[in-house]
1. Scan Ser44, Ser101, Ser92 and give me the residue that is in contact with a Phe, Trp or Tyr (Cβ under 9 Å, 6 or more places away or on another chain) and either among the charged types (D, E, K, R) or modelled with pLDDT under 85 (or both).
2. Any idea which of (1) surrounded by fewer than 11 Cβ atoms within 10 Å (Cβ to Cβ); (2) in contact (Cβ under 8 Å) with a residue 12 or more places away in the chain; (3) among the acidic types (Asp, Glu) is the one Glu117 doesn't satisfy?
3. Cβ contacts < 8 Å: first residue not assigned by TED's automatic domain parsing to the domain that holds Lys123, restricted to the stretch 38-59; second residue at pLDDT 85 or above and of a type in the set (Ser, Thr, Tyr), any location; separation 6+ or different chain. Result?
4. On the basis of being assigned to a helix (DSSP H, G or I) and either of a type in the set (Lys, Arg) or loosely packed, with under 11 Cβ neighbours inside 10 Å (or both), does Lys78 make the cut?
5. Which of the residues belonging to the stretch 20-60 are under 25 Å from Gln81 (Cβ atoms) and touching a helix residue (DSSP H, G or I) at 6+ places or on another chain (Cβ under 7 Å)?
6. Filter the stretch 60-88 for residues that are at pLDDT below 95 and among the aromatic types (Phe, Trp, Tyr) and give the result.
7. Scan the stretch 71-108 residue by residue and report those that are touching a Lys or Arg at 6+ places or on another chain (Cβ under 9 Å) and either under 11 Å from Leu24 (Cα atoms) or free of Cβ contacts under 8 Å to residues at least 60 places away in the same chain (or both).
8. Can you name the residue in the stretch 50-63 that is acidic (Asp, Glu) and closer than 14 Å to Ser29 by Cβ and, of all such residues, is surrounded by the most Cβ atoms within 10 Å (Cβ to Cβ)?
Amino acid sequence: MSKEEQPLFIQERLQALHQIDNKLVSILSHSSSALTNLIQLKKSSSDKSKQDEFKSEFRTDIENFYQDLQFSSVNLKKEIQILDSRIGETDSKDITILPISINKKATFSGEEKLKSELDTLQKLLGKEPEESS
């Protein structure tokens, strides 16, 4: 089905999700840049001018990170609400959005991966990994 054949509702949802996706990629970029600046800041502890430069870049990255995170979370919530309001309803073009069920599986693996990544980050920053309960 080409773009011209898709209903306007679907085109709008895809465009909105594309914007959100772009912001999520931007979040990753800002967080990577912020971590790089943080590491450089730690390495350049003797050079005051470089420290000021890295602090400024770090601050900018963090501000952009939170702006993009806010945009993504707010707009993703709006998209979910829009889709939730349409579930089970048939529009003028006989399009019905059916409910789906999602079963979470192996959520422990995501938690283990997160802990592993946080430990790696702690090591990069020169700190001992924290023990979790």
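The values are calculated or read from the model by the stated rules, or taken from the named source; none is laboratory data. Computed from a predicted model, the values in this text were never measured in an experiment. Note: ideal-geometry Cβ built from the backbone for every residue, glycine included; neighbour counts use all protein chains shown.
1. Ser44
2. With (1) surrounded by fewer than 11 Cβ atoms within 10 Å (Cβ to Cβ); (2) in contact (Cβ under 8 Å) with a residue 12 or more places away in the chain; (3) among the acidic types (Asp, Glu) applied to Glu117, the lone miss is (2).
3. Hits for this filter: Glu57/Ser33.
4. Numbers: assigned to a helix (DSSP H, G or I): yes; either of a type in the set (Lys, Arg) or loosely packed, with under 11 Cβ neighbours inside 10 Å (or both): yes.
Yes.
5. Passing the criteria: Ile20, Lys23, Leu24, Ser26, Ile27.
6. Correct list: empty.
7. Of everything in the stretch 71-108, those that are touching a Lys or Arg at 6+ places or on another chain (Cβ under 9 Å) and either under 11 Å from Leu24 (Cα atoms) or free of Cβ contacts under 8 Å to residues at least 60 places away in the same chain (or both) turn out to be Phe71, Ser72, Asn75, Thr96, Ile97.
8. Start the filter on the stretch 50-63 by keeping residues that are acidic (Asp, Glu), which leaves 52-53, 57, 61, 63.
Now narrow it down to the ones that are closer than 14 Å to Ser29 by Cβ: 57, 61, 63.
Details: Glu57: 17, Asp61: 20, Glu63: 12.
My answer is Asp61.
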